[in-house]
1. Is it fair to say GLY152 is buried (at least 24 other Cβ atoms within 10 Å of the Cβ), in a loop (DSSP other than H, G, I, E, B) and among the small types (Gly, Ala, Ser)?
2. Pairs only if they're at least six apart or on different chains, beta carbon under 8 angstrom, first in the range 1-27 and touching a residue at least 40 places away in the same chain (Cβ under 8 Å), second basic (Lys, Arg) and not in a loop (DSSP other than H, G, I, E, B); list them, first residue then second.
3. Going residue by residue through the range 46-58, is there one that turns out to be of a type in the set (Val, Ile, Thr), at negative phi and out of contact with any Cys (no Cβ under 9 Å at 6 or more places or on another chain)?
4. Restricting the range 1-16 to residues that are in contact with a His (Cβ under 9 Å, 6 or more places away or on another chain) and part of a loop (DSSP other than H, G, I, E, B), which is surrounded by the most Cβ atoms within 10 Å (Cβ to Cβ)?
5. Take the residues in the range 17-26 that are out of contact with any strand residue (DSSP E or B) (no Cβ under 8 Å at 6 or more places or on another chain) and part of a strand (DSSP E or B), then tell me which one is surrounded by the fewest Cβ atoms within 10 Å (Cβ to Cβ).
6. Given (1) in a helix (DSSP H, G or I); (2) free of Cβ contacts under 8 Å to residues at least 60 places away in the same chain; (3) of a type outside the set (Gly, Ala, Ser); (4) farther than 30 Å from ARG340 by Cβ, where does VAL91 come up short, assuming only one miss?
7. Of the residues TYR94, TYR66, only one is surrounded by fewer than 16 Cβ atoms within 10 Å (Cβ to Cβ), closer than 20 Å to GLY174 by Cα and not acidic (Asp, Glu); which?
8. Taking the range 155-173 as the search range and keeping residues that are crowded, with 24+ Cβ neighbours inside 10 Å and over 20 Å from ASP8 (Cβ atoms), which one is nearest to the chain's Cα centre (by Cα)?
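The values are calculated or read from the model by the stated rules, or taken from the named source; none is laboratory data. Since this is a predicted model, take the numbers as computed values, not measurements. Here the Cβ is made from the backbone with ideal geometry for all residues, glycine too, and neighbour counts use every protein chain on show.
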Amino acid sequence: MRAFFHPDQHLHDPKQFMRVGRIADPTDRPSRTEALMAALTRVGIAPQLPEDYGTAPALAIHAPHYLDFLAMAYERWVKLPNAGPEVLPNVSPYWNGSPDRDGRPPCRSSHVVAEAGYYLGDLAVPLGPQTWRSALSSTHTATAAADAVLGGERHAYALCRPSGHHCRTDRASGFCYLNNSAIAAQRLRSRFAKVAVLDVDAHHGDGTQEVFYRRADVLTVSVHADPQIYYPFYIGYADERGSGEGEGFNLNLPLAAGSGDEAFHAAVARGLEAVSAFGAEALVVALGYDSHREDPLSVLSVTTDGFAGVGRLIRAAGLPTVVVQEGGYQVSVIGDCLERFLTGLAG
């Protein structure tokens, strides 16, 4: 199995995010990648450096005006009087947010404060001096893993950081700036007629759902904590089935708070049944560990060994698979979770 990682992904180093009305210390720390790299070493996998793909893979998913904002926002921000250490929004436009609508036009105001409110969906996506560099490198990692599968590898792992599955076509949110899983799925479409995305992060993959919601060539399946009680709250419900040509090609499988290994595995198995019925020729797994019972953001109770079961289920599906790293914030356990998952995937 081949794996990919770029050291520039360490550079994103957020200083703050909003949690239950308080500015809190960030949970997406650079040390997350160190723990995951150590796990790869333990299973005998040496990650490769992805090539520089530029912005082309990101532009296959994201609006150009959004990428322009990400690339230049920090430089513009620090020139403001009394600017804080990171770009964070303090205004926000009203927008319907329905994924069956066309994407938004560029922000009408060119002021960086206005654009921050337009393009940053919450207070969990601070933009610092290295955020753009790390996020773009993360897309290269996802693209390299997809290219490995396109080249004949059965499985490939993209150690992506920052994560991506909350990122819409033109909006960052939930620690996510560019949607690595969607980029990998779109890349696979260059060869495979039907591609599925199975998201097993504890949070609903709302950005990925929006990207493909009106398409019949990419099935999106998400196993996640019930959005009635968990971020992203406004989306991720079982009645969201797709729109237009995409009707019937989105499946959400929300789990009750406290759900453990048995319920988690049952939902993953159900999702993989949908993937098989769809006739997927390749699979993207958006892999998070924030369903772990020790995760600081978790409302689920999945064990470390539970991730081995997920790996076994995905292996049994028998599809060429790109595994894209998403969340998981308890640094003391995420390496073991990845190790168990890879062991299960390898059989």
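1. No: the conditions fail for GLY152.
2. Final answer for the pair search is ASP8/ARG133; LEU11/ARG133; HIS12/ARG133.
3. Yes, that holds for at least one residue.
4. Top of the filtered list is HIS6.
5. Looking at residues that are out of contact with any strand residue (DSSP E or B) (no Cβ under 8 Å at 6 or more places or on another chain) and part of a strand (DSSP E or B), I get ARG22.
6. The number of the failed condition is (1).
7. Only one candidate passes the filter, namely TYR94.
8. Ranking the candidates gives HIS165 first.
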